[in-house]
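Before any comments, here is the structure.
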């Protein structure tokens, strides 16, 4: 899986939810934007602090979570 180092968990940020690069961007919010039919380009245009690799990392993280594989997230 690529870019998983971009997914971090910090108890001080968003109640410890998995986020992008210790920013206040939970993975679940990115997945929600994608499921509402926003394209990656739309998300990046609206939120320039994000990078394409961040969004791909969210998708990779979600895939791992439903696969049942265990992995460690950076703090």
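Odds and ends about this structure:
- Placing a label point 7 Å from the Cα of residue 8 along the Cα-to-Cβ line, the residues of segment 25-58 whose backbone N sits under 12 Å from it are 25.
- Principal-axis tilt of helix 52-67 within the chain, Cα atoms, nearest 10 degrees: 50
- The mean of 1/r over all pairs of different alpha-carbon atoms in the chain, once inverted, gives a Kirkwood hydrodynamic radius of 12.4 Å.
- Mean separation of Cα contacts under 8 Å, 6 or more apart, over the residue count of segment 4-67: relative contact order %: 30
- For the chain, built as a Gaussian network whose Cα springs stay under 10 Å, the top-fluctuating residue of 55, 20, 40: 40
Each value in this text was obtained by applying a stated rule to the coordinates, not by laboratory testing. Keep in mind that this is a model prediction, so the values were computed, not measured. Reconstructed Cβ throughout: ideal geometry from the backbone, glycine too, with neighbour counts over all protein chains shown.
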